[in-house]
Amino acid sequence: MKKSVVALGAAGAAMSPLLYAVGKTLATPQKVSAYTPDPDPERAMLYAQKLSKMIQYETVSVPGELLREKFLGFHKVLEELFPLVHENLEKTEIDGSLLYYWKGKSSEKPIVLMSHQDVVPAEGEWTHDPFSGDIDDTYVWGRGASDTKCTVMAFFQAVEELLAEGYVPPQDVYLSSSNTEEWSGPGCPALVNELKRRGVKPWLVCDEGGAIINEPVGGIPGNFAMMGVFEKGKGDVLFTARSSGGHASAPPKNSPVARLAAFVNEVETKNPYKKYMAPEVQAMFEHLAPYASFPLRLLFGNMWLFKPLLLQVLPLFSNQAGAMLKTTIAFTKQSGSAAFNVLPQEATVGANMRFIPHQGMEESLGIIRKIAEKYDLEMQVMDGANDYSPALDIEGEPWKRAVAAVEKTFPGLPYSPYVMTGATDAHFYQEICDCCIRFAPVVYEPEQMKGMHGVDENIKYNCLPGAVDFYKNLIG
């Protein structure tokens, strides 16, 4: 039967590319991602309790403030939870950010394991107090549970267990954790500068970003290791409209608010940025194709035919997929007059932009600036803007090392390259490392994705033993 289907596809190729694609897809067996965590309950609870204690110490960061004393208190919690790490590794603290050095048998290919200590504020009404660290029969609750004290716990615990075994790593290992990641502050750059001062060029950096994501694309069920290969750049931009003000009883045309509204409407309805499927994005869909239902398997598995169609339709049914294809701009803040009957002399709209490699920061900002000028708007790029990071080599040895660790730790778990539309501290490491992988080895279902920076953040603690084992396998 299989041979006849292949023959049908080959014969159809002479008549119709579509018929050939259908035959090729029918001849490709559908795969199933059946991986689910199944840990030792005692290990899972031990790690849940350690994570709980880390959550209970509040580490909310504040833009523009280093809050060193607060984070020094959190470091004492780490010392209590991971005594062997603190007895055996060389610790460097810089304004609350941490760098640990574990000397290996060789310094030729050093590895950096990293994730951040700080968390965002916990606003809104929570089912469990955001800094309770409550543990029930499934979850650890609290701010930082999934973003990302879980991974800080996991790589500290991995080193703790290896030290208890008397293990010496084959290469130097560094543990890196900043306290300013949530606002792209100076914490991680200070750690990178310290490594530069020492002459260290990491062979592999593993940070947060991607994860073991449940149903990464609608219609593709199961868990997948989505391993980030680059991240988009980002920048905050302020648009200002000015006038002489006046009383609202005699409104002029083209008032500041009206000009801003017209500007926003044009950008929203006639997006000015080009869609393009980078090789890394195409590789992601091709890796996922065998696990999809027939329609998606047909589309993703035959990019040679359907790529132009996908460029048009992907943004329509997935905001996340659409963001991987172009620079995005999201309008997030606005201000005007303080009174209903007063025309503002100044009105503003703020936006957050994410820059794609094929239209980087300079080109993307230039495009939006021309549209703003059409409406007589001033444009200011706020501090902290940065361009996209270069993509790592998914055929390179460091990438293969990480993939091997995934395969060893999580049997049967499919993996895929992944494009980060958010931002991480890893982009600071790009200056000294050619392979910065964004991958947290924990399971994020829709509930965990929703809780990040939202209310009721939590994580299923049955995935924590796998996270610890991943770091152990990556080290060794």
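The values are calculated or read from the model by the stated rules, or taken from the named source; none is laboratory data. Owing to the predicted nature of the structure, the values given are computational and were not obtained by experimental measurement. Note: ideal-geometry Cβ built from the backbone for every residue, glycine included; neighbour counts use all protein chains shown. Note: accessible area is taken over every heavy atom of the protein model, side chains too, but ligands, DNA and RNA are not part of it. Shrake-Rupley method; radii C 1.70, N 1.55, O 1.52, S 1.80 Å.
Over the stretch 316-403, what relative contact order in percent results from Cα pairs under 8 Å that are six or more residues apart?
Working: 69 pairs, mean separation 19.7, N = 88.
Reported relative contact order: 22 percent.
What does the charge count around E208 come to, taking other residues whose C-beta lies under 9 Å from its C-beta (Lys +1, Arg +1, Asp -1, Glu -1)? All intermediate terms of the calculation are to be shown ahead of the outcome.
Values: positive: R438; negative: D147, E181, D207, D425.
Every neighbour counted, the sum reads -3.
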Self-check item: Anchor K270: lysines whose Cα lies under 24 Å away (excluding residues fewer than 8 positions away in-chain)
Solution: K232, K234, K253, K307, K326, K333, K370, K374
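Filter the GluC sites (Glu not before Pro) in the stretch 416-459 to those in DSSP coil with at most 16 other Cβ atoms within 10 Å of their Cβ, and list the result. Mind dumping the intermediate values first?
Values: sites: E431, E447, E457; in loops: E431, E457.
In loop regions of the stretch 416-459 (DSSP not H, G, I, E or B), the sparsely surrounded GluC sites (Glu not before Pro) are E431.
Normalised by the residues of the chain, what does the relative contact order come to in percent, with Cα pairs under 8 Å and at least six apart?
On the way: 975 pairs, mean separation 120.3, N = 476.
Once divided by the residue count of the chain, the mean separation gives 25 percent.
Loop only by DSSP, 16 or fewer other Cβ within 10 Å of the Cβ. Give me the chymotrypsin sites (Phe, Trp or Tyr not before Pro) in the stretch 157-263 that pass, ordered by residue number.
Values: sites: Y167, Y174, W183, W203, F224, F230, F239, F263; in loops: Y167, W203.
Loop-located and lightly packed - Y167.
If you count only protein heavy atoms with a 1.4 Å probe, what accessible area per residue comes out for the stretch 58-109, rounded to a whole Å²?
Spelled out: the 1.4 Å probe surface of the stretch 58-109, per residue, equals 52 Å².
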Quiz item: How much FRET efficiency would the formula 1/(1 + (r/R0)^6) give for V62 and Q30, where r is the Cβ-Cβ distance and R0 is 45 Å, rounded to 0.05?
Solution: 0.35
Quiz item: Could you give the nm distance between label points at F331 and E346, where each point is 7 Å from its Cα heading toward the beta carbon?
Solution: 2.0
Exercise. Pull out a ≥ b ≥ c, the square roots of the eigenvalues of the alpha-carbon gyration tensor of the stretch 335-436, then state rounded if a/c is under 1.5, prolate if not and a/b is larger than b/c, and oblate in the remaining case.
Key: prolate
Practice problem: Can you figure out the FRET efficiency of R242 with S16, using R₀ = 45 Å and their beta-carbon distance, to the nearest 0.05? | Solution: 0.15
Practice problem: Could you give the size of the charge dipole of the chain about its Cα centre, using +1 on the Cβ of each K and R and -1 on the Cβ of each D and E, expressed in debye and rounded to the nearest 20? | Solution: 1980
Quiz item: Ignoring ligands and nucleic acids, what accessible area does I367 show with a 1.4 Å probe (Å², nearest 10)?
Solution: 40
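Which pairs in the list K31/K400; K31/K275; K24/K274; K408/K460 are over 26 Å apart, alpha-carbon to alpha-carbon? Can you show the working numbers first?
Values: K31/K400 22 Å; K31/K275 30 Å; K24/K274 31 Å; K408/K460 21 Å.
Violating the 26 Å Cα-Cα cut-off are K31/K275; K24/K274.
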Self-check item: Dipole of the chain [Lys/Arg +1, Asp/Glu -1 at C-beta], most positive-end residue of A391, T269, G210
Solution: T269
Quiz item: Taking the structure as given and computing Kirkwood radius over Cα pairs in Å, which label from [x] 26.1; [y] 22.2; [z] 24.3 fits?
Solution: [z]
Quiz prompt | Restricting the stretch 137-194 to GluC sites (Glu not before Pro) in coil, as DSSP defines it, with at most 14 other Cβ within 10 Å | solution = E165
Quiz item: If we count every other residue with Cβ under 15 angstrom of L72's Cβ, Lys/Arg +1 and Asp/Glu -1, where does the sum land?
Solution: -4
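Between A385 and E90, what FRET efficiency comes out of the Förster formula 1/(1 + (r/R0)^6) with R0 = 51 Å and r the beta carbon distance, rounded to 0.05? Write down the numbers at each step before the final one.
On the way: r = 35 Å, r/R0 = 0.68.
Step by step, r from the Cβ atoms, then E = 0.90.
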Exercise. Could you tell me which of rounded, prolate or oblate describes the stretch 44-199, using a ≥ b ≥ c as the square roots of the eigenvalues of the alpha-carbon gyration tensor, with rounded for a/c under 1.5 and, failing that, prolate when a/b is larger than b/c and oblate otherwise?
Key: oblate
Exercise. Give me the net charge of G384's neighbourhood, meaning all other residues with Cβ under 14 Å from the Cβ of G384; Lys, Arg count +1, Asp, Glu -1.
Key: -4
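Given the -39500 (n - 2.57) contribution per DSSP H run of 4+ residues, what per-residue ellipticity at 222 nm results for the chain, rounded to the nearest 500 deg cm²/dmol? Mind showing how you got there, number by number?
Numbers: 17 runs with 186 residues, N = 476.
Value at 222 nm, helices only, nearest 500: -12000 deg cm²/dmol.
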